[in-house]
Amino acid sequence: MKGFNLKFLEELKSKNDIVEVIGGYVPLTRRGNSFWGKCPFHHEKTASFCVNGTDQFYYCFGCHKSGDVISFVREMESLDFADAVKFLAERAKMPMPEFNADDTAIREQKQKREKLYAVLKDAARFYAANLRSGRCPAHEDYILKRKLSAETVNKFGIGASEDYDGLVKHLYDKGYSYEDMFESGVVGKTERNGQVRYYDALAGRLIIPVIDGFNNVVAFCGRIIDGRKNVGKYVNTKETPVFTKGKTLFNLNNIKKYKNEHGISEVIIVEGHMDVISLVQNGFNNVVASMGTALTKDQARIIKRFSDKVLISYDGDFAGQKAAVRGLEIFKDEGLDVKVVALPDGLDPDDVVKNYGKEGYEKLLKEAMPLIDFKLDILKRTFDVKTTDGKRKFVANALKVIKESDSAAEQEDLLKAVRDYSGITLEALKRDLDRTDTSVLTPPAPQTNAEAPTAGDKTAAAARYVLYSALFNKPYAEDENLDEIEFLLPEHKRIAEYVSECKRDGLTARFNDLYTVLDEDMHAELDAIAGISSDEDVKYDRETYFFDCLKTLKVYSLDKKLEMLNSRFKAETDSEIRRKLIEEINRVILARKELN
């Protein structure tokens, strides 16, 4: 609860009706028991943003984001949890509670982050002033060589580092401690013979600030300009309390502003900072870059705030192609519609724009391919079908890729493409496809009858529906004791515990309280449950489905228990214990039959 007690937060929410608060930002129209408007978190033409005034939460059917009134204010006002609470308390004219020990720790953590933001902001200003000072001709020459306009330089806050000492002296004169400079990541330190020296961590490089979605400078990227060998061409400052590479994307501040002003239908992801800068200068304002690491789920979730459609435009070399495929898999798992932009061999997006212009890059974006087509395209560029060996290897690998598709129609379409490219008859390809083993490409994980569920399987889906029914006080769920149901996902266990605690205390479980009860990394499951609740176009009997879901969970639990008992029985040598285990196994089998 982020340092606030639940009673205070309940009162805060009761005095800040979510329909009134959201209605101050988004025009809402009543439809049935809910209020609807255009989602403020992603661009859309028709209203898919639903506000539930009864249970005090919102849910968007477009971007699948949900939350309570505190979540909404955090997002719209770019506030952390404590400041969002303060914002709503002031709105409701409620006094803030006194700080306790936990609150003090939170306050100290916030103050530390604010100090780091201040150091980084002043460093960015120092670098920008350096570039304009006339003392950095090599940096200016590099900018001219890259054909960056003055407007682009200012838009991205590009600057220059002259040497190892200038930044440190500047920040010290501004009143910052050496430790604050070091913690910010922009200053490094060495120790020799008991003497500590602090220095500019990006000395001599062209400086590109990394700015988050709330316009805070969180890190810097330095680009070498003098052709030095054995050093990284691009270097990011180290990870800090305000900067984690896997949770950051470059150009978030600009893309957020552009989305709010013009809307965005899709997001382009590139590898390098300079690719972003070049594309934006050429009119592509929907571009971000990863931070030199493989794409992550956290980055996928950030992207979903802007659009459900993603184009991955990595460099046109083999390493870039493989990275694009990996990113596509990760983003698809997060529910994004992802395609890959195939660039000419050896070229990056910046090269394409320079050589072929804006129209040339737009053409490549329009030709972006789904993953399975892109994999086949990589194979075409890998094997020479003009040779016998190359043709056989291409066909063998292509069939393994096609086998991944669950659609017979898609398989046939892809087989025709392989036929046209290789010259092998369609009938021969179909026969070989039936015999193709994909295990070489993707080794299967060990399977059991009761394998642990993931967030996407039917056991997890059943658990969500049971929890939804209990949280929203459906009459058919009243007599069910959640303590007797085995939930596998930690998020589901915690939600079930909350419902049971409320019942024991004679309280009503409220769905919107879970946004403060659960840690933020568990909120994705709340989004899923909110989607169930907000779906008014239900074409099945909810009560019947509830008991089907209960059965799914109980069967899973019995299968898991049966597997454990069988394992014990096989390992046991004592005849009496084996006899008792057989009795227990028979009881479980009987219970499972009764469920069926």
First in the range 120-137 and among the hydrophobic types (A, V, I, L, M, F, W, C), second anywhere and open to solvent by 30 Å² or more (accessible area, probe 1.4 Å) and part of a helix (DSSP H, G or I), Cβ under 6 Å, 6 or more apart = Phe126/His170
For the range 192-205, does any single residue satisfy the condition of being of a type in the set (Asp, Glu), closer than 21 Å to Phe250 by Cβ, touching a residue at least 12 places away in the same chain (Cβ under 8 Å) and part of a loop (DSSP other than H, G, I, E, B)?
-> no
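A quick yes/no check of all residues on (1) assigned to a helix (DSSP H, G or I); (2) open to solvent by 20 Å² or more (accessible area, probe 1.4 Å); (3) closer than 30 Å to Ile303 by Cβ; (4) among the aromatic types (Phe, Trp, Tyr):
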site: Lys169; (1), (2), (3), (4): yes, yes, no, no
site: Phe214; (1), (2), (3), (4): no, yes, yes, yes
site: Gly222; (1), (2), (3), (4): no, no, yes, no
site: Lys238; (1), (2), (3), (4): no, yes, yes, no
site: Lys256; (1), (2), (3), (4): yes, yes, yes, no
If you scan the range 373-393, which residues turn out to be open to solvent by less than 30 Å² (accessible area, probe 1.4 Å) and under 19 Å from Ala342 (Cα atoms)?
-> Phe374, Leu376, Ile378, Leu379
Residue check, Ser439 against (1) modelled with pLDDT under 90; (2) surrounded by 10 or more Cβ atoms within 10 Å (Cβ to Cβ); (3) not in a loop (DSSP other than H, G, I, E, B), all met but one. Which one?
-> (2)
So which residues in the range 245-272 are within 14 Å of Gly213 (Cβ to Cβ) and of a type in the set (Ser, Thr, Tyr)?
-> Thr248, Tyr258
What tally of residues in the range 240-254 results from selecting those that are outside any helix (DSSP H, G or I) and either open to solvent by 50 Å² or more (accessible area, probe 1.4 Å) or touching a strand residue (DSSP E or B) at 6+ places or on another chain (Cβ under 6 Å) (or both)?
-> 7
Among the numbered conditions (1) free of Cβ contacts under 8 Å to residues at least 12 places away in the same chain; (2) open to solvent by 60 Å² or more (accessible area, probe 1.4 Å); (3) within 22 Å of Gly67 (Cβ to Cβ), tell me where Thr508 comes up short.
-> (1)
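Could you check the range 141-167 and list, in sequence order, the residues that are in a helix (DSSP H, G or I) and open to solvent by less than 80 Å² (accessible area, probe 1.4 Å)?
Step one: of the range 141-167, the residues in a helix (DSSP H, G or I) are 141-145, 150-156, 166-167.
Once the filter is applied, which keeps residues that are in a helix (DSSP H, G or I) and open to solvent by less than 80 Å² (accessible area, probe 1.4 Å), the range 141-167 yields Tyr142, Ile143, Ala150, Thr152, Val153, Phe156, Gly166, Leu167.
The values are calculated or read from the model by the stated rules, or taken from the named source; none is laboratory data. What you are looking at is a predicted structure, and each value in this text was computed from that prediction instead of being measured. When we count neighbours, we look across all protein chains shown, and the Cβ atoms used for this are built from the backbone with ideal geometry, even at glycine. The accessibility values were calculated without ligands, DNA or RNA, using every heavy atom of the protein model including side chains. Shrake-Rupley method; radii C 1.70, N 1.55, O 1.52, S 1.80 Å.
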